[in-house]
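Since the structure comes first, as structure tokens, the remarks are kept for the end.
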Amino acid sequence: MSVARQLHQLQQVDLELESNEKTQSHIVSQLGDSQEVARIRNQIDAEQQRLEELERQQHSLEWEIDDLASKLTATEQKLYGGRITNPKELANLQREANELKDRRTKLEDRDLEIMDQVERATKTATSLGAELKKLETGWQSQQEQLSADLEKLKTAHSDLTAKRQLLSTEIEPGLIEIYHQLRKQKGTAIARVEQGTCRGCQIALPTTELQQARGGHLVRCSSCGRILYLA
């Protein structure tokens, strides 16, 4: 096997390793808590807090309504009990009864408004809960698949690393160093030759370089400096 072919194989393995590592990094970035799931959970928490506050207000209103009802009953008993006959006192009691009724009506209206808000908040929380369950199921399935994919990539990475080590032992250290320098400078160190053209820089090669490459010699492109490889 020619040195150029060996270096080309080494480059292919290195490119696969880089792709593998990038894919692993991408998967790792997707593992963990879901932002969408967290957002829905926060919304549910907010709705639950709102419900608790509405229920607290509702209980307070109901207590006030009951208190007003008791006061109104007592006032009406005095008003219609027949024990008070003084017109001025009766007028005051009537005014007091009317004021209590007005206050009770306003509180009852407010209570109805809160009941409506509680109903809507409950529906929202229920809807969000269903959405959360669906998201969590999908997220869990995704996490399991990502974890499985990551394990496969790790296994493939180990195999590629072993293959790379084996290839490296078959190539002279000096050539390995040149290979690494070229990869660092140009991204790829080995360029395929197709139809007399270096695919690294897309420039036609001189006849002498083509002949040397065909003869199995290690030749570098006179234009881009990459090592030429004829399949």
Based on Cβ point charges of +1 for Lys and Arg and -1 for Asp and Glu, what charge dipole magnitude is obtained for the stretch 31-169 about its Cα centre, in debye rounded to the nearest 20? 220 debye
Ellipticity estimate at 222 nm from DSSP helix runs (n ≥ 4, -39,500 (n - 2.57)) divided over the chain, nearest 500: -28500 deg cm²/dmol
Which value does Rg/Rh take for the chain over its C-alpha atoms, Rh per Kirkwood? 1.60
Arranged by the count of other C-beta atoms within 10 angstrom, fewest first, what order do Tyr80, Tyr229, Tyr179 take? Tyr80, Tyr179, Tyr229
With no solvent term and unit scatterers on the alpha-carbon positions of the stretch 172-231, Debye gives log₁₀ I(q)/I(0) at q = 0.14, 0.21, 0.25, 0.26 Å⁻¹ of -0.34, -0.74, -1.00, -1.07
Sum up the charges of everything whose Cβ sits under 11 Å from the Cβ of Thr161, counting Lys and Arg as +1 and Asp and Glu as -1, but leave Thr161 out. -1
I need the peptides 212-218, 195-201 ranked by packing, meaning the mean over residues of other C-beta atoms within 10 angstrom, with the highest value on top. 195-201, 212-218
Which helices, taking whole DSSP H runs in the chain, have alpha carbons extending 18 angstrom or more along the helix axis plus mean Kyte-Doolittle at least -1.0? 3-30, 173-186
Which of Thr197, Leu90, Leu107 sits closest to the plus end of the dipole of the chain, meaning its Cα is farthest towards the positive end, when Lys and Arg get +1 and Asp and Glu get -1 on the C-beta? Thr197
Euclidean distance of C-alpha centroids, the stretch 1-40 and the stretch 133-198, integer Å: 6 Å
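Bear in mind these aren't lab numbers, they're just calculated from the coordinates by the rules spelled out. Just so we're clear, the structure is a prediction, and the values are computed from it rather than from any experiment. Counting neighbours? That spans all protein chains shown, and the Cβs are built from the backbone with ideal geometry, glycine included.
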